[in-house]
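Structure record follows, encoded as C-alpha coordinates.
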Amino acid sequence: MSSSLIPPESLARVGEILAGPITVRIDSREAQRYAYAVGDLNPIYFDEDSAKAAGYRTLTIPPLFITHALVPPKPTEALRTDGLYKDSATVTLEVERMMFGGEEWDFLEPVCIDDEITGTTRLLDLDQKEGKKGSFVRLVRETTFTNQNEQVVARSRQIGIAR
Amino acid sequence: MTNYPTMETVELGDELPVMHKRVEEAELFLYSAASFNPHRIHYDRAYAQYEGHQDIVVHGPLQGSWLTQFVTDWAGPRSRLLSVEWQNRASAFVGDELYFSGSVISINQTNGSVELEINERKEDGSLLMPAKATIKLEETK
(Lines give C-alpha, C1' and ligand atoms only; values in the text may rest on other atoms or scores of the structure.)
Protein backbone atom coordinates (compact mmCIF):
# COMPACT_ATOMS: atom_id res chain seq x y z
CA MET A 1 0.00 0.00 0.00
CA SER A 2 1.44 3.33 -1.04
CA SER A 3 1.39 6.31 1.28
CA SER A 4 -1.39 8.83 1.25
CA LEU A 5 -1.16 11.60 -1.33
CA ILE A 6 -3.93 13.49 0.45
CA PRO A 7 -2.90 15.33 3.64
CA PRO A 8 -5.59 15.13 6.36
CA GLU A 9 -6.08 18.91 6.29
CA SER A 10 -6.94 18.69 2.57
CA LEU A 11 -9.33 15.80 3.11
CA ALA A 12 -11.06 17.88 5.77
CA ARG A 13 -11.85 20.49 3.11
CA VAL A 14 -14.25 18.21 1.18
CA GLY A 15 -17.55 20.09 1.01
CA GLU A 16 -15.88 23.45 1.59
CA ILE A 17 -16.48 26.44 -0.70
CA LEU A 18 -13.30 26.97 -2.75
CA ALA A 19 -14.42 30.00 -4.74
CA GLY A 20 -17.34 32.41 -4.76
CA PRO A 21 -20.07 33.20 -4.51
CA ILE A 22 -19.23 35.64 -7.28
CA THR A 23 -21.89 37.44 -9.32
CA VAL A 24 -21.36 38.69 -12.86
CA ARG A 25 -23.63 40.23 -15.48
CA ILE A 26 -23.28 38.29 -18.74
CA ASP A 27 -21.78 40.62 -21.33
CA SER A 28 -22.56 40.22 -25.04
CA ARG A 29 -19.14 41.37 -26.24
CA GLU A 30 -17.31 38.92 -23.99
CA ALA A 31 -19.68 36.09 -24.95
CA GLN A 32 -19.28 36.83 -28.66
CA ARG A 33 -15.49 37.03 -28.37
CA TYR A 34 -15.64 33.59 -26.80
CA ALA A 35 -17.92 32.22 -29.55
CA TYR A 36 -15.59 33.57 -32.26
CA ALA A 37 -12.55 32.14 -30.49
CA VAL A 38 -14.22 28.72 -30.44
CA GLY A 39 -15.36 29.10 -34.05
CA ASP A 40 -18.98 28.50 -33.00
CA LEU A 41 -20.94 30.95 -35.13
CA ASN A 42 -24.43 29.82 -34.10
CA PRO A 43 -26.75 32.79 -34.92
CA ILE A 44 -28.44 32.52 -31.48
CA TYR A 45 -25.21 34.04 -30.04
CA PHE A 46 -25.03 36.94 -32.54
CA ASP A 47 -28.46 37.79 -33.92
CA GLU A 48 -31.30 38.74 -31.61
CA ASP A 49 -34.04 37.78 -34.10
CA SER A 50 -32.50 34.32 -34.52
CA ALA A 51 -32.28 33.92 -30.73
CA LYS A 52 -35.93 34.93 -30.28
CA ALA A 53 -37.02 32.69 -33.17
CA ALA A 54 -35.28 29.84 -31.31
CA GLY A 55 -37.29 30.58 -28.16
CA TYR A 56 -34.80 32.68 -26.15
CA ARG A 57 -35.66 36.03 -24.50
CA THR A 58 -32.64 37.61 -26.19
CA LEU A 59 -29.14 36.52 -27.28
CA THR A 60 -27.93 33.39 -25.50
CA ILE A 61 -24.31 32.30 -24.97
CA PRO A 62 -22.09 29.32 -25.80
CA PRO A 63 -22.96 26.93 -22.94
CA LEU A 64 -19.48 26.67 -21.41
CA PHE A 65 -18.79 30.43 -21.59
CA ILE A 66 -20.57 30.87 -18.26
CA THR A 67 -17.59 29.47 -16.36
CA HIS A 68 -15.19 31.93 -18.04
CA ALA A 69 -17.55 34.89 -17.55
CA LEU A 70 -17.10 34.39 -13.80
CA VAL A 71 -13.28 34.57 -13.76
CA PRO A 72 -12.47 37.41 -11.35
CA PRO A 73 -10.05 40.15 -12.45
CA LYS A 74 -6.65 39.73 -10.77
CA PRO A 75 -3.39 41.69 -10.78
CA THR A 76 -0.37 40.31 -12.67
CA GLU A 77 1.52 40.11 -9.36
CA ALA A 78 -0.68 37.07 -8.65
CA LEU A 79 0.76 35.15 -11.63
CA ARG A 80 3.03 32.15 -11.08
CA THR A 81 5.86 31.13 -13.43
CA ASP A 82 3.55 28.75 -15.29
CA GLY A 83 1.15 31.61 -16.01
CA LEU A 84 -1.55 30.39 -13.63
CA TYR A 85 -2.72 32.54 -10.74
CA LYS A 86 -1.73 31.85 -7.17
CA ASP A 87 -5.07 30.58 -6.09
CA SER A 88 -6.71 30.10 -2.73
CA ALA A 89 -8.81 27.42 -4.44
CA THR A 90 -5.72 25.19 -4.69
CA VAL A 91 -6.03 22.06 -2.59
CA THR A 92 -2.69 20.92 -1.19
CA LEU A 93 -1.71 17.41 -2.31
CA GLU A 94 1.51 15.41 -2.17
CA VAL A 95 1.78 15.28 -5.96
CA GLU A 96 3.91 16.79 -8.73
CA ARG A 97 1.32 17.66 -11.30
CA MET A 98 -2.41 18.31 -11.66
CA MET A 99 -3.92 17.37 -15.01
CA PHE A 100 -7.23 18.24 -16.52
CA GLY A 101 -9.29 15.04 -16.40
CA GLY A 102 -12.57 16.17 -17.90
CA GLU A 103 -15.85 17.85 -17.06
CA GLU A 104 -19.52 17.04 -16.56
CA TRP A 105 -22.20 19.68 -17.16
CA ASP A 106 -25.93 19.86 -16.57
CA PHE A 107 -27.81 22.71 -18.22
CA LEU A 108 -31.09 23.42 -16.43
CA GLU A 109 -32.26 26.84 -17.59
CA PRO A 110 -31.31 29.08 -20.54
CA VAL A 111 -28.69 31.77 -19.92
CA CYS A 112 -29.06 35.04 -21.83
CA ILE A 113 -27.14 38.29 -22.20
CA ASP A 114 -27.53 40.60 -19.17
CA ASP A 115 -28.48 37.75 -16.84
CA GLU A 116 -26.86 38.12 -13.40
CA ILE A 117 -25.14 34.81 -12.80
CA THR A 118 -23.74 33.75 -9.43
CA GLY A 119 -21.21 30.93 -9.29
CA THR A 120 -20.13 29.02 -6.20
CA THR A 121 -17.48 26.31 -6.36
CA ARG A 122 -17.14 23.56 -3.77
CA LEU A 123 -14.64 20.78 -3.29
CA LEU A 124 -17.03 17.90 -4.00
CA ASP A 125 -14.70 14.92 -3.71
CA LEU A 126 -11.08 13.91 -3.11
CA ASP A 127 -10.23 10.28 -3.65
CA GLN A 128 -6.93 8.40 -3.91
CA LYS A 129 -6.92 5.64 -6.52
CA GLU A 130 -4.43 3.08 -7.76
CA GLY A 131 -3.76 3.07 -11.51
CA LYS A 132 -1.34 1.36 -13.91
CA LYS A 133 1.09 4.25 -13.47
CA GLY A 134 0.79 4.24 -9.68
CA SER A 135 -1.30 6.16 -7.19
CA PHE A 136 -3.23 9.23 -8.21
CA VAL A 137 -5.78 11.56 -6.71
CA ARG A 138 -9.11 12.30 -8.35
CA LEU A 139 -10.24 15.78 -7.33
CA VAL A 140 -13.75 16.96 -8.19
CA ARG A 141 -14.80 20.60 -7.97
CA GLU A 142 -18.49 21.39 -8.46
CA THR A 143 -19.70 24.81 -9.50
CA THR A 144 -23.37 25.75 -9.19
CA PHE A 145 -24.57 28.65 -11.33
CA THR A 146 -27.76 30.51 -10.40
CA ASN A 147 -29.46 33.47 -12.09
CA GLN A 148 -31.10 36.68 -10.84
CA ASN A 149 -34.33 34.74 -10.22
CA GLU A 150 -32.48 32.25 -8.01
CA GLN A 151 -32.96 29.48 -10.51
CA VAL A 152 -30.06 27.04 -10.81
CA VAL A 153 -29.14 27.41 -14.49
CA ALA A 154 -26.19 24.99 -14.66
CA ARG A 155 -23.90 22.74 -12.67
CA SER A 156 -20.39 21.73 -13.66
CA ARG A 157 -18.09 19.15 -12.18
CA GLN A 158 -14.45 19.60 -13.07
CA ILE A 159 -12.32 16.55 -12.61
CA GLY A 160 -8.63 16.92 -11.90
CA ILE A 161 -6.16 14.05 -11.92
CA ALA A 162 -3.13 14.63 -9.71
CA ARG A 163 -0.09 12.33 -9.51
CA MET B 1 -33.36 25.52 -44.99
CA THR B 2 -31.54 22.91 -43.02
CA ASN B 3 -33.56 19.96 -41.84
CA TYR B 4 -32.65 19.41 -38.22
CA PRO B 5 -33.49 16.12 -36.51
CA THR B 6 -36.79 15.87 -34.60
CA MET B 7 -38.25 13.13 -32.42
CA GLU B 8 -40.21 12.02 -35.50
CA THR B 9 -37.14 11.70 -37.74
CA VAL B 10 -34.33 10.68 -35.37
CA GLU B 11 -33.30 7.01 -35.29
CA LEU B 12 -31.08 4.97 -33.03
CA GLY B 13 -27.61 4.78 -34.57
CA ASP B 14 -27.97 7.99 -36.58
CA GLU B 15 -24.51 9.45 -37.12
CA LEU B 16 -23.72 13.13 -36.76
CA PRO B 17 -21.78 14.80 -39.61
CA VAL B 18 -18.06 14.68 -38.76
CA MET B 19 -16.67 18.05 -37.62
CA HIS B 20 -13.05 18.95 -38.37
CA LYS B 21 -11.00 21.40 -36.31
CA ARG B 22 -7.41 22.60 -36.63
CA VAL B 23 -6.09 25.59 -34.77
CA GLU B 24 -2.91 27.61 -35.10
CA GLU B 25 -1.20 29.84 -32.54
CA ALA B 26 -3.40 32.89 -33.19
CA GLU B 27 -6.65 30.99 -32.55
CA LEU B 28 -5.26 29.46 -29.35
CA PHE B 29 -4.12 32.90 -28.21
CA LEU B 30 -7.61 34.29 -28.89
CA TYR B 31 -9.17 31.48 -26.86
CA SER B 32 -6.77 32.17 -23.95
CA ALA B 33 -7.79 35.83 -24.11
CA ALA B 34 -11.52 35.17 -24.43
CA SER B 35 -11.48 32.68 -21.55
CA PHE B 36 -9.17 34.84 -19.34
CA ASN B 37 -6.68 31.98 -19.15
CA PRO B 38 -3.02 33.01 -18.74
CA HIS B 39 -1.63 29.42 -18.53
CA ARG B 40 1.70 29.53 -20.34
CA ILE B 41 1.46 26.06 -21.97
CA HIS B 42 -1.17 27.49 -24.34
CA TYR B 43 1.05 30.16 -25.97
CA ASP B 44 4.70 29.62 -25.03
CA ARG B 45 6.21 26.69 -26.99
CA ALA B 46 9.49 26.65 -25.07
CA TYR B 47 7.66 26.61 -21.75
CA ALA B 48 5.22 23.93 -22.90
CA GLN B 49 8.18 21.73 -23.93
CA TYR B 50 9.94 22.48 -20.62
CA GLU B 51 6.81 21.05 -18.92
CA GLY B 52 7.11 17.92 -21.07
CA HIS B 53 4.53 18.66 -23.77
CA GLN B 54 5.52 18.11 -27.38
CA ASP B 55 4.19 21.52 -28.43
CA ILE B 56 1.70 24.29 -27.52
CA VAL B 57 -1.28 22.58 -25.86
CA VAL B 58 -4.88 23.01 -27.04
CA HIS B 59 -7.05 24.02 -24.04
CA GLY B 60 -9.27 21.27 -22.59
CA PRO B 61 -12.31 23.60 -22.28
CA LEU B 62 -11.86 24.73 -25.91
CA GLN B 63 -12.33 21.10 -26.93
CA GLY B 64 -15.33 21.04 -24.55
CA SER B 65 -16.83 24.00 -26.39
CA TRP B 66 -16.16 22.29 -29.73
CA LEU B 67 -18.09 19.35 -28.33
CA THR B 68 -21.14 21.52 -27.55
CA GLN B 69 -20.85 23.13 -31.01
CA PHE B 70 -20.69 19.69 -32.66
CA VAL B 71 -23.95 18.71 -30.96
CA THR B 72 -25.86 21.99 -31.39
CA ASP B 73 -24.80 22.36 -35.06
CA TRP B 74 -26.43 18.98 -35.67
CA ALA B 75 -29.56 19.57 -33.59
CA GLY B 76 -30.21 23.18 -34.66
CA PRO B 77 -30.96 26.45 -32.86
CA ARG B 78 -34.31 25.29 -31.42
CA SER B 79 -32.75 22.32 -29.63
CA ARG B 80 -31.77 22.55 -25.95
CA LEU B 81 -28.56 21.00 -24.69
CA LEU B 82 -29.28 19.22 -21.39
CA SER B 83 -25.90 17.78 -20.46
CA VAL B 84 -22.40 17.04 -21.69
CA GLU B 85 -19.49 15.17 -20.19
CA TRP B 86 -16.05 14.39 -21.49
CA GLN B 87 -12.76 12.89 -20.43
CA ASN B 88 -9.42 14.32 -21.53
CA ARG B 89 -7.42 11.17 -22.34
CA ALA B 90 -4.55 12.82 -24.24
CA SER B 91 -3.46 16.30 -25.23
CA ALA B 92 -4.10 17.96 -28.58
CA PHE B 93 -1.42 20.30 -29.90
CA VAL B 94 -1.30 23.35 -32.14
CA GLY B 95 -1.76 22.38 -35.81
CA ASP B 96 -3.24 18.92 -35.08
CA GLU B 97 -6.05 17.77 -37.38
CA LEU B 98 -8.92 16.96 -35.03
CA TYR B 99 -12.16 15.18 -35.84
CA PHE B 100 -15.41 14.92 -33.87
CA SER B 101 -17.75 12.01 -34.63
CA GLY B 102 -20.80 10.74 -32.82
CA SER B 103 -24.06 8.84 -32.96
CA VAL B 104 -27.43 8.51 -31.28
CA ILE B 105 -27.27 5.81 -28.59
CA SER B 106 -30.68 6.26 -26.95
CA ILE B 107 -33.95 8.07 -27.54
CA ASN B 108 -36.14 9.29 -24.67
CA GLN B 109 -39.66 9.81 -26.01
CA THR B 110 -40.90 11.02 -22.61
CA ASN B 111 -38.90 14.25 -22.56
CA GLY B 112 -38.08 14.48 -26.26
CA SER B 113 -34.32 14.08 -25.86
CA VAL B 114 -31.62 11.89 -27.32
CA GLU B 115 -28.34 10.68 -25.88
CA LEU B 116 -25.23 10.89 -28.05
CA GLU B 117 -21.91 9.12 -27.81
CA ILE B 118 -19.10 11.25 -29.18
CA ASN B 119 -15.37 10.90 -29.77
CA GLU B 120 -12.74 13.44 -30.61
CA ARG B 121 -9.82 11.84 -32.44
CA LYS B 122 -6.57 12.85 -34.09
CA GLU B 123 -5.93 12.18 -37.77
CA ASP B 124 -4.19 8.87 -36.89
CA GLY B 125 -7.37 7.70 -35.15
CA SER B 126 -6.02 8.03 -31.61
CA LEU B 127 -8.68 8.97 -29.08
CA LEU B 128 -8.35 12.34 -27.35
CA MET B 129 -11.73 12.83 -25.77
CA PRO B 130 -14.56 10.34 -25.30
CA ALA B 131 -17.77 12.21 -24.51
CA LYS B 132 -21.51 12.00 -24.08
CA ALA B 133 -24.28 14.53 -24.51
CA THR B 134 -28.04 14.67 -24.09
CA ILE B 135 -30.06 17.15 -26.09
CA LYS B 136 -33.74 17.94 -26.36
CA LEU B 137 -34.58 18.08 -30.04
CA GLU B 138 -36.57 20.75 -31.83
CA GLU B 139 -40.29 20.23 -31.45
CA THR B 140 -42.25 19.88 -34.66
CA LYS B 141 -44.90 22.52 -35.08
B:Leu127 versus A:Leu41: modelled label distance in nm, points set 7 Å from Cα along the beta carbon direction: 3.3
Can you give the Rg/Rh ratio of the protein assembly as shown, where Rg is from the C-alpha atoms and Rh is the Kirkwood radius? 0.96
Accessible area, probe 1.4 Å, largest first, for residues B:His53, B:His42: B:His53, B:His42
Mind giving me the nanometre distance, one decimal, between the label points for A:Ala78 and B:Ile107, set 7 Å out from Cα along Cα→Cβ? 5.0
Round to a whole angstrom and tell me the spacing of the C-alpha centers of region A:98-150 and region B:69-134. 19
Of all trypsin sites (Lys or Arg not before Pro) in region A:37-142, which ones are in loop regions per DSSP and have a Cβ with at most 15 other Cβ atoms within 10 Å? A:Arg57, A:Arg80, A:Lys86, A:Arg97, A:Lys132, A:Lys133
Which whole-number percentage describes the relative contact order of region A:8-162, with Cα contacts under 8 Å and a sequence gap of 6 or more? 29
Which whole number gives the average, over all residues in B:78-90, of C-beta atoms from other chains lying within 10 Å of the residue C-beta? 5
If the cut-off is a Cα-Cα distance under 23 Å, which lysines reach B:Lys122, setting aside same-chain residues fewer than 8 apart in sequence? B:Lys21, B:Lys132
Within region A:32-66, whose backbone N sits under 14 Å from a point 7 Å along Cα→Cβ of A:Asp114? A:48-49, A:52, A:57-60
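Per residue, what accessible area does chain B have, given a 1.4 Å probe and all protein chains present, in Å²? Can you show the working numbers first?
Numbers: 6750 Å² over 141 residues.
On a per-residue basis, 48 Å².
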Chain B: longest stretch without exposed GluC sites (Glu not before Pro) (DSSP loop, at most 16 other Cβ within 10 Å), sites themselves excluded? B:52-96
Give me the one-decimal Kirkwood hydrodynamic radius in Å for chain B, with the sum taken over alpha-carbon pairs. 16.2
Testing the spin-label approximation: label points 7 Å from Cα along Cα→Cβ at A:Arg57 and A:Gln148. State their distance in nm. 0.7
Using every Cα-Cα pair within region A:8-162, state what percent have a distance larger than 20 Å. 57
In deg cm²/dmol, rounded to 500, what helix-only [θ] at 222 nm does chain B give when every DSSP H run of at least 4 residues adds -39500 (n - 2.57) and the total is split over its residues? -7000 deg cm²/dmol
For a quick check of your reading of the filter: which GluC sites (Glu not before Pro) in region A:94-163 sit in a DSSP loop and have no more than 15 other Cβ atoms within 10 Å? A:Glu94, A:Glu96, A:Glu150
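The values are calculated or read from the model by the stated rules, or taken from the named source; none is laboratory data. All figures in this text were calculated on a predicted structure; none of them were measured in a lab. In this analysis, Cβ positions are derived from the backbone assuming ideal geometry, glycine residues included, and neighbour counts consider all displayed protein chains. Note: accessible area is taken over every heavy atom of the protein model, side chains too, but ligands, DNA and RNA are not part of it. Shrake-Rupley method; radii C 1.70, N 1.55, O 1.52, S 1.80 Å.
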